[in-house]
1. Decide, for the stretch 90-156, between rounded, prolate and oblate: order the square roots of the alpha carbon gyration tensor eigenvalues as a ≥ b ≥ c, take rounded if a/c falls under 1.5, and otherwise choose prolate if a/b is larger than b/c, else oblate.
2. If you rank 124, 56 by fewest surrounding Cβ atoms within 10 Å, what's the result?
3. Excluding residues on the same chain fewer than 8 positions from residue 147, give the aspartates and glutamates whose Cα lies under 20 Å from its Cα.
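No lab work stands behind these numbers, since they all come straight from the coordinates. It should be emphasised that the depicted structure is a prediction, and the values quoted were computed from it without experimental measurement. Neighbour counts are summed over all protein chains in view; Cβ atoms, including those assigned to glycine, are modelled from backbone coordinates with ideal geometry.
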Amino acid sequence: MIDYRNGSFEPFFPFKPIYTAFLQISLASFITLSSFGSQFGPNLAPEPVLAQVPTIQEFIEVRASLQGVDSRLATDIAFCESTNRQYDEDGAVLRGIENSQDVGLFQINEKYHLEASRELGYDIYTSEGNTGYALWLLKKEGSRHWKSSSKCWAAT
């Protein structure tokens, strides 16, 4: 019940501490589980959007620096994997030549990474999501996922 007598919209019942705790938990759950949370990385810190930087290379450098990943390694891998392209000349998501399940800038493999990337809130079919998930992989597991292109990026 709500007490409107004094202009207050505060709940009028003896369980106010429980009600307050319930609202806090509900709000935290909403932020964590809703699509609102997908625009943030796993640490809920706002990340730069591609439109805010002039080139894809600079976008990767900024995101890598913010996430504590070697920006040169990240930009080299993206260049070697896709020549810094998320989309092909027809506007479709760039797919690998040797494996069509490799997609985007960092050629993230759908078979092995699609479900995990979605659970973390990344859409690997966008430049932002592909980059975000690739940087998460680099930070957590190193460069092993890009071993097949290492002759290209390890030489730089």
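1. Details: a/c = 1.70, a/b = 1.15, b/c = 1.49.
In terms of gyration-tensor shape, oblate.
2. Details: 124 27, 56 20.
Lowest count first: 56, 124.
3. 70, 76, 81, 98, 102, 110
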